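K.L.:
Handing you this structure, nothing more for now.
Bear in mind that the values in this text are calculations on the coordinates, not laboratory data. Keep in mind that this is a model prediction, so the values were computed, not measured. Don't worry about glycine lacking a Cβ; one is built from the backbone with ideal geometry, like all the others, and counts go over all protein chains shown.
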Amino acid sequence: MTADRCRVEVLDQRDGVRVVVMAGEFDLDHAGPLRIALDPAAEGVRRYVVDVSEVSFADSITLTILLQATLAREVVLAGTQPPHLEQLLRLTGADRVFAAAPSVAEGRVMTVPPRSGR
């Protein structure tokens, strides 16, 4: 896979919310930028809003990075989830871990119910 087949972009960070856009195919060889953007120890971040609408492939490493971000932060998956990602989340039970929003704008302001054990 070439680097141009995936993209991670931090759109902005304000009011404790960091907006991250994922696009393309994500696997072990291209996990670095996503890991940096969703750093579970990032200062000043209480919520990640991740636009996943353009993800065409995500593997278990991608899921692990998303889950690690939830250890200390709220993570909202925004936009329409592509079928592959939706299936990965459902089959692993991770669909119950993430909040979902139809758009980034709604993901910024929605109330996220607390998870037990957080």
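K.L.:
Could you go through the stretch 96-112 and let me know if any residue there is within 13 Å of the chain's Cα centre (by Cα), aromatic (Phe, Trp, Tyr) and surrounded by 15 or more Cβ atoms within 10 Å (Cβ to Cβ).
P.N.:
Scanning the stretch 96-112, I find at least one residue that is within 13 Å of the chain's Cα centre (by Cα), aromatic (Phe, Trp, Tyr) and surrounded by 15 or more Cβ atoms within 10 Å (Cβ to Cβ), so the answer is yes.
K.L.:
Also: Of the residues that make up the stretch 26-38, is at least one of a type in the set (Phe, Trp, Tyr) and over 17 Å from residue 112 (Cβ atoms)?
P.N.:
The answer is yes, given that some residue of the stretch 26-38 is of a type in the set (Phe, Trp, Tyr) and over 17 Å from residue 112 (Cβ atoms).
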